[in-house]
Amino acid sequence: MRQLAPMLVLLICAVAAQAQEPRLKPPPAGRPGISVDPVTISADRIEGYANQETSAIGNVELRQDNVSIHAERLRYLYAADEVQASGGVRLSRDGDRLSGTGLRLRVRDNIGQFDQADYEFARPGRGGFGPVTMRGKADVIKFEGKDKYRLENATLTTCKPGKDDWYIQVGELDLDMTRDLGVARRGKLVFEGVPIAYVPWVDFPLQNQRKSGLLPPSIGSSGKSGVEISTPYYINLAPNRDLTITPRELSKRGVQLAAEFRYLTRSYDGDVRVEHMSNDRVRHIDRYAATIQHSQRFSSELSGYLNFNKVSDDNYFRDLSSRINITSQTTLPRDGMLTYGGGWWTATARVQSFQTLQDPANPLIPPYDRLPQLTLNATRQHIGGADMALNSEFVRFDRSGGYTSAAAVTTGGINTTDVIGSRLALYPSVSLPLMLPGAYLTPKLGIHSTNYSLERNPAGIPDSIQRTLPIASLDSGLIFERDASFLGQKYRQTLEPRLYYLYVPYHDQSRIPLFDTGLADFNYAQIFSENLFNGSDRIADANQLTVAATTRIVSPGSGQEILKATIGQRHYFQNQQVALNDATPTRTDKTSDFLAALSGRVSRNWSLDSALQYNSHRNLFQRLGVGVRYQPETAKVLNLGYRFTRDALNQVDVSAQWPLGGGWYGVGRYNYSMRENRLVEALGGFEYNAGCWIGRVVAQRFAAAAGTTTSALFLQLELNGFSRIGSNPLETLKRNIPGYGAIDQTRPDSLPFNFYE
């Protein structure tokens, strides 16, 4: 607990601060000033001296420009432009409303004092945010100039009148509308009548603007790290640069310090993140992570980017992250590229390496580094009616120091794990598109030439390998349309049959190492591709015809696609001879698996996304995926899913966000693997919308690695229009529950005082 003390000190000081993605735009103009206009006074009784002093009694109303004052008694001094009012005093100006027992005010200068006052200050929304109304009470409100106020013994809330679920109670509160700044002293945050944080001093913005300061703390829990408290401090360095420093206390492990630096200009932008933990008390090691992402446009033709990632150890994300998409990372890229676009041609230069995070239960072979990779791609259309194209690449593959693993990569029975070398691939092609109304025919012919220069190759693999293959294809299709009617609605239906023929002769490639090539996923897009494999190390022989058809239901007015159904299958005229390696058999069937898919909105509230892969030779499904969504309104959604891949995957997935009544919402997801009889990911919790605040409690558990799981608990209190306190589960909810919606639709997901998360 001694380690938590410094974090708790920061926690009680941090109630509200703000931040925003920097934008290159001038600052908004201030509120309009008060012009020197005539004063008009109406009342039951008026007396005084012309142009000197006026006294009014009974239903008094004073107006000057955009200022309106109502009272039972009022005295106006012309020379000083001063109002003295008592008895049910009400002041209105630019949407701001104040009321109290007594007022003394120099109207044009906005200098004076309001006693025993209730106030409402309305600030217009900016940057997509709705308007914010701050209100409360004060023993004294001092007017200190145009749009400047000091409140003594005051409260502040954004709740509606009569519903003070939360408020800040302060000894002094300065509100400077001209600088969009509020400063509170000697305060405490009260929620449902209970003080939950003491605020000796804090400053905060009054609108959607960036400023330096403490951001609200994040509090959560995970099974591997215990209670976690993060207290970010945001530094607004410039309109286009900022820095966030975040101490993070993990009760089981120690203190982690993180920093994020962001920058943005018209020609470049980037994000630098660094994390460090000295002496993890569980692992007994120092731990760190670093990420650099930079994009730059040097000219209209030349651009580049840099992406660098590094962590201290293989278990960094599994131990210190509570997000499944982070904990499942196994390779971290270190990548830099320059791209030059010359109009009809594009050239790139790239260097790429990886850090591989090993799981002892599932060891991985690291991917090859590309040091460097050079590409030149070009397309020229309508040259004598033909389209010309060139795809070319030179890449040097390397593994520093080689690699030894129990999992060996074999080519033709030879271990090629440690082979390095370079590859030059050239693929020029010419196609002749023939287009007719409702029909097309595109013959294409190309020559794929590849040259390898190898090192550290074992016996049986030569130092130099050359491969040249012609690739010929013929793509054709028809498009039919008809008017149709379904459930009393008029639609347009299409029928689009397609034939795709491909021929590639056989070439022995068993001595070519596998640098970056694998078997492509078999799907509807792949059956129209020229190669069975991804990458250039293998080019499959082919003499095959793809037969497919698509039908669409389209709204005739908007052109929106309502429903889409596709079917397709390949027909082979010869057996496959080129294999990826000895571990992958070649195909001998005369037809491929049958593919079908159906997706779209089947009714106003129901949508469907389904696909299947069926092997007619063995009468079994190779792959099946069905997803159904019921969403009658925002923040009310039910998702049902089933995914099956033979010998690999068999999962059910249910997720929902559903109103329970009385402002309560339930959220949850259950993803279970029936093949492994284990939980993949589970999430459950509640949200409560009280009107001026939202509470969330969400628990999550997921498989982080083979045989291990991670648990996390999110607790968040969202004070509408002011701040969020606790750990934010919104990103987790959106990722786990497709169609998840914010339960307060009057505001964006981020709040004006705390949207840099």
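Structural remarks
- Inter-part distance where region 43-108 and region 327-403 are each reduced to a Cα centre, Å: 75
- Counting only residues at least eight positions apart within a chain, or on another chain, the aspartates and glutamates with an alpha carbon under 19 Å from that of residue 490 are 481, 561.
- Taking all protein chains into account, the per residue accessible area for region 550-653 stands at 55 Å² (1.4 Å probe).
- Relative packing of peptides 99-107, 678-686 - highest average C-beta neighbours within 10 Å first: 99-107, 678-686
- The packing ranking of peptides 693-699, 737-743, 212-218, 460-466, highest mean first, is 212-218, 693-699, 737-743, 460-466, where packing means the average number of other beta carbon atoms within 10 angstrom of each residue.
- For region 154-223 and region 562-614, distance of Cα centres in Å: 57
- Residues residue 330 and residue 196, FRET efficiency given R0 of 41 Å [Cβ-Cβ distance, rounded to 0.05]: 0.50
- Estimated inter-spin distance, residue 510 and residue 677, nm [label 7 Å along Cα→Cβ]: 4.2
- Considering only alpha-carbon pairs that sit under 8 angstrom and 6 or more positions apart, the relative contact order computed for the chain is 8 percent.
- Within the accessible area of the chain, the carbon and sulfur atoms contribute 55%, probe 1.4 Å, all protein chains present.
- In this simple spin-label approximation, residue 649 and residue 523 carry label points 7 Å from Cα along the Cα→Cβ vector, and these lie 0.9 nm apart.
- Average accessible surface area per residue within region 140-299, 1.4 Å rolling probe, Å²: 45
- Candidate lysines - alpha carbon under 23 Å from residue 163, same-chain residues fewer than 8 apart omitted: 137, 188
- Cα-based reach from residue 146 at 17 Å (exclusive), listing aspartates and glutamates while leaving out same-chain residues under 8 positions away: 37, 65, 81, 82, 94, 96, 109, 120, 174, 176, 180
- Accessible-area value, residue 450, 1.4 Å probe, nucleic acids and ligands omitted, Å²: 0
- Residues in region 475-535 average 56 Å² of solvent-accessible surface per residue, probe 1.4 Å, ligands and nucleic acids excluded.
- Modelled label reach - residue 615, point 7 Å along Cα→Cβ, region 636-670 residues with backbone N closer than 13 Å: 645-648
- Once the Cα gyration tensor of region 238-389 is diagonalised, semi-axes √(5λ) in Å: 39, 22, 11
- Within region 254-326, trypsin sites (Lys or Arg not before Pro) in DSSP loop having at most 10 other beta-carbon neighbours inside 10 Å: 266
- Qualifying chymotrypsin sites (Phe, Trp or Tyr not before Pro) for region 550-611 [loop in DSSP, other Cβ within 10 Å: at most 14]: 573
- Among (i) 29.9; (ii) 26.4; (iii) 32.0, the entry derived from the coordinates for Kirkwood radius over Cα pairs in Å: (iii)
- Distance between the modelled labels on residue 545 and residue 603, one decimal in nanometres: 4.2 nm (7 Å Cα→Cβ projection).
- The simple Förster model, with R0 at 56 Å and r as the Cβ-Cβ distance, assigns residue 699 and residue 379 a FRET efficiency of 0.60.
- Value of [θ]222 nm, deg cm²/dmol, for the chain, DSSP H segments ≥ 4, -39500 (n - 2.57) each, nearest 500: -1000 deg cm²/dmol
The values are calculated or read from the model by the stated rules, or taken from the named source; none is laboratory data. Because the structure is predicted, anything quoted here is derived from the model rather than measured. Glycine also receives a Cβ, built like all others from the backbone with ideal geometry; neighbour counts cover every protein chain displayed. Accessible surface is based on the protein model in full, side chains and every heavy atom, while ligands, DNA and RNA are left aside. Shrake-Rupley method; radii C 1.70, N 1.55, O 1.52, S 1.80 Å.
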